[in-house]
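One structure is given below, encoded as structure tokens.
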Amino acid sequence: AGTCRAQAGARQADSERAIVAALAAVDEDKRKDLRFVTLGHLADACVAADTIAAYRQAITKLINTLYWGPEPLRLATIDERRTILKLDLSELGWVPAHWDKLVQAYPYANLAASRLSETVRRQTGTTTPLVRGDWLAHAATATPLYARLLGLPGRFANLQRILNVDIEAGIATGKARRAGLTQSAVTRGNRLVERHPTRAGSLWIAYDFATSEGRQNLLSSPLGPTATANVRVPFKHDGTRSLFTLPNGFFAYSLNDTRGDRLEISPETVDRDEVSWGGPAVNGASCMACHATGPLPVKDAVRSVVEGDTSLLPAVRDQALQLYVAQAEIDTLVSEDQERYASAQRKAGIDPHLLVGGLEPVTALAREYTR
């Protein structure tokens, strides 16, 4: 351990030289688009080489999760130790203002060990062209910065327009696919999971319920969330969580209330007390930690009850059976979406099965900072 730390000072100079060389390798007008993420401080603290390698993948995964481009991005390293990754803001579709918003709260900006030369800062057009990777994983998945960097709209209706999906039409025509859980590992009440196809892949919506009583009981109120000619009294949920495919094949996330307004954390009455998020479920961080492989397998408990419930009106029963499809179809859809996500990660140079200490890698890297 002493050897790692003893060489840290010399490696600061090596980092500076690597960044200078990376800037010199591009045209002058492109230098203001270059930014850098370092894991060097973790290597200097003697974090194992295989863990550093995993964290390189975590940074690549994080950036792709904030990226609306058509193909996954691969991030290159610029130093001999492979601890400094290069970002090109123009590739990300970002402008310098995105980076400025990100680094406003960067706590290491004024540390001598984090300061780069005036030449580097002038060429990049920012006083903070380099940030620590563990801090980035923590900050970029936290609210409200996650939504700002992703460009997540404040209204769920606007997200539907971006994804070119009409949820109400999908429900009305039976194109949506549903699975209902009477016992959820996450929420206090039952839970409804609903999938809609999109141009890039899919939109999965979880309708969250604080209880399983009255209009929050999916077995007696399987249809909703809005009233229709067939559904005079729809179910009454307490909020939604969404997972949707970005054009590059990675997943992004949104929390919304029943009006469709975006939330930063889930309603406090919804989640089970024993669910360990390290606090309330947060848009971005909590979703990424849970959905390491994309949409999770879900076992429907509603269809079999609806099939045998003679008290339901025929029109309600028919529509419910159209939406709550056979378990095999749900399983197939989950598997296809997981494989699409895995393929996108492989294209970016990421092992889709990678875990660090049992954690999804971006989550593990963020915890290097918080601990």
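No disulfide-compatible partner, judged by a Cβ distance under 4.7 Å, exists for the following cysteines of the chain: Cys287, Cys290. Taking Gly133, Gly294, Gly214 as the candidate residues, the one with maximal mean-square fluctuation in a Gaussian network model of the chain, Cα springs under 10 Å, is Gly214. For segment 33-83, the Kirkwood hydrodynamic radius from C-alpha pairs, put into Stokes-Einstein at 20 °C and a viscosity of 1.002 mPa s, yields a diffusion coefficient of 179 µm² per second.
Radius of gyration (Cα atoms) of segment 172-259, expressed as a multiple of 2.2 N^0.38 Å: 1.12. Taking one quarter of the surface of the C-alpha convex hull of segment 225-368 gives a mean projected area of 11.1 nm².
For the chain, the relative contact order is 19 percent, taking Cα pairs closer than 8 Å that sit 6 or more residues apart in sequence and dividing their mean separation by the residue count. Calculated mean residue ellipticity, 222 nm, the chain: -11000 deg cm²/dmol, from DSSP H runs (n ≥ 4) at -39500 (n - 2.57) each, averaged per residue and rounded to 500. The Cα atoms of segment 91-217 cover 63, 31, 20 Å along the three principal axes, with the biggest extent listed first.
What a 1.4 Å probe finds exposed on the chain is 52% carbon and sulfur by accessible area, rounded to a whole percent. Average accessible surface for the chain: 45 Å² per residue, computed with a 1.4 Å probe over protein heavy atoms with every protein chain in place. Of the residues Pro197, Pro352, Pro107, the one that moves most in a GNM of the chain with alpha-carbon contacts below 10 Å is Pro107. Does a label point 7 Å from the Cα of Glu268, set along Cα-to-beta-carbon, have any residues of segment 197-221 with amide nitrogen under 20 Å, and which are they? In segment 197-221, the label zone of Glu268 (backbone N under 20 Å from the point 7 Å along Cα→Cβ) covers 208-211. For a label point 7 Å from the Cα of Glu28 along Cα→C-beta, name the residues of segment 118-136 whose backbone N is under 15 Å from it. Counting only backbone N, you get 119-120, 122-125. Taking amide H as placed 1.01 Å from N in the peptide plane, the amide H of Val325 sits under 5 Å from that of Arg178, each at least 5 places away or on another chain.
Here the Debye sum runs over all C-alpha atoms of segment 6-138 as equal scatterers in vacuum, and log10 of I(q)/I(0) at q = 0.22, 0.23 Å⁻¹ comes out as -1.62, -1.76. Computed on segment 43-146, with alpha-carbon pairs under 8 angstrom and 6+ residues apart, the relative contact order is 19 percent.
Among Arg272, Arg262, Arg232, the residue with the largest mean-square fluctuation in a Gaussian network model of the chain, with springs joining Cα atoms closer than 10 Å, is Arg232. Computed as a quarter of the hull surface, the mean projected area of the alpha carbon convex hull for segment 68-164 stands at 7.6 nm². Equivalent ellipsoid of the chain: semi-axes from √(5λ) of the C-alpha gyration tensor, largest first, are 44, 20, 17 Å.
Extent along the principal axes, Cα only, for segment 313-370: 55, 28, 15 Å, with the longest axis given first. A simple spin-label model places pseudo-atoms 7 Å from Cα toward Cβ; at Ala315 and Asp351 they are separated by 5.6 nm. The magnitude of the dipole of the chain, with charges of +1 and -1 set on the Cβ of Lys/Arg and Asp/Glu and taken from the Cα centre, is near 460 debye.
The values are calculated or read from the model by the stated rules, or taken from the named source; none is laboratory data. Worth saying up front: this structure is predicted, and the values here are computed from it rather than measured. For neighbour counting, all protein chains shown are included, and Cβ atoms are generated from backbone atoms with ideal geometry for every residue, glycine included. Note: areas computed on protein heavy atoms with side chains; ligands, DNA, RNA excluded. Shrake-Rupley method; radii C 1.70, N 1.55, O 1.52, S 1.80 Å.
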